[in-house]
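Right, one structure below, let's go through it.
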Amino acid sequence: MVLVLGGCVRSTKGTVLLVGAVFFVVAFIGLVFNHLDSWGLPASTKPASHRVNVVPGHPITPSTSNAPAPPLSPPFSESTAFQHIAELRQFYLKQLRKPSIRPDDKNYRPWGAFDWTLPENPRWTQRMGESLCIIDLDDRPFNESQQIFGPDVMTWDDARNVHGLSLGILNHWLYAKIHGYKYYYVAIDGYKDRRASWKKPSIMSKILREHDVCLYIDSDAIFHRLDLPLEWLLNYWQLYPESNSLAMAVDPDHEWNKDRFNRLYLNTGFIVAQNNPTTYNIFDAWQRCPDEGEPYPECTQFRLNAPGQPTDQGGFGTFVRYSFSESIRELPCMEANGYPESDEGCKGQFIRHLWTGKKDQIKIDVGEQVPGPFLEMFHEQFKEEMDTFYMTEKTLMRKGPKAATKKRPAENMGKGSAKGRWP
């Protein structure tokens, strides 16, 4: 059924009508067979109203029954169709894209291919739930048509105008929902004298205090393998709070990606932060880096973009990381940066960063994750649940992350749920 929907349904109204029709037919057939089963008849036997009683020496006469007629299915309506859309969302989250391994499973073999193996004695053995958080932040409104906060629902019917960076944001939120992590979107204010990306350390520092691990991810970067728990990756990369504070991926090997010491930058578009004292020292030094004076007087040159000169990434890579080298882990570019179509040698096996594919290639990657009507279904849910994750920078700084957002609504698990258990 999902294949049919993925290939045929485009508009929201079409989704509603077709989904409702399919479930109406399935429900009707189910009622018929349930009725047959209630008479104890095999599937090939005729219904009871057509049975006959055969008695030797007597004519054959039809039997009669006072059994009540089977209940009729409720009439189709858009309200019942939306009920089934909720069920389809749950099917996607709990079955189609559910976590495929435990945090401490020895091997990850997606679809039986490849073989990534954990080191001995993994630190993370249980799902972290909302003690792990995923952070989006931006000073752009993204409020036009076919954008994440726009007036309408994103749809593949208008694929040409679907906003690439908005798909990246939806990917982050969806990954958090699949694995039960806490998701935040922070609408930040801009600076007068430097690029808004310099807000990363102050925002992450504020949010991390209420969680064990938090990660920031650029809107043009995505979780490539939705089924893979982040806890497993923390074990794979050996990112543990007792020995690590921050982790970032190395950039592709080009001269323009190197600092003044000829060392490749760490890409600040994907940051994993552990809640320990050193992390806050790093964030403080990084935030003050472009200010006049100490701790890094020459860091002011990285306030704004220039050809071959990144901003917050340049300041971090040229100054901050050398002050805290023992606490910062470098992740392989092959695994946590880039994408295959870039031909840069960084394939983004786990985390893809589509630096030059943010308008087109990101649509293909996310489109394969949320095909057909699922884009509309989940974007609509994203907008409905905004008060559980969206906040302004001022509200965050005044209240803290949890107080600034509402508690996530309880999931409608349905019958036969395996909530709290691994598949």
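Computed from the coordinates by the stated procedures, all read-outs in this text should not be read as laboratory data. These numbers were taken from a predicted model, which means no experiment stands behind them. Because the Cβ atoms are built from the backbone with ideal geometry, glycine has one as well, and the counts that use them run over all protein chains shown.
Peptides 251-261, 197-207 ordered by packing proxy, namely the average of other Cβ atoms within 10 Å per residue, highest first: 197-207, 251-261. If a/c stays under 1.5 just call it rounded; otherwise compare a/b with b/c (prolate if a/b is bigger, oblate if not). Do that for the stretch 84-212, with a ≥ b ≥ c from the square roots of the Cα gyration tensor eigenvalues. It is oblate, given that a/c is not under 1.5 and a/b is not larger than b/c.
Ranked by the mean number of other Cβ atoms within 10 Å per residue, highest first, peptides 219-229, 133-143 order as 219-229, 133-143. Counting 0.36 nm for each residue step from residue 356 to residue 326 and taking away their Cα separation leaves a gain of 7.6 nm. When each of 333, 214 is scored by the number of other beta-carbon atoms lying within 10 Å, the sequence from fewest to most is 333, 214. Sites listed here are trypsin sites (Lys or Arg not before Pro) in the stretch 299-382 whose DSSP assignment is loop and whose Cβ has at most 14 other Cβ atoms within 10 Å: 359. From a point 7 Å beyond the Cα of residue 305 in the direction of its Cβ, which residues of the stretch 356-375 have a backbone N at a distance under 15 Å? Those under the cut-off are 356-359. Cross-link pairs exceeding 26 Å between alpha carbons, from the set 182/206; 258/394; 358/402; 106/358: 258/394; 358/402; 106/358. Ordered by the count of other Cβ atoms within 10 Å of each Cβ, fewest first, 230, 96 give 96, 230. Please report the spacing between the Cα centers of the stretch 239-315 and the stretch 330-380 in Å, no decimals. Here the two parts' Cα centres lie 23 Å apart. Each of 128, 386 has some number of other Cβ atoms within 10 Å of its Cβ, and from fewest to most they run 386, 128. In terms of its C-alpha gyration tensor, the stretch 100-404 has a rounded overall shape, because the principal axis ratio a/c (a ≥ b ≥ c, square roots of the eigenvalues) stays below 1.5.
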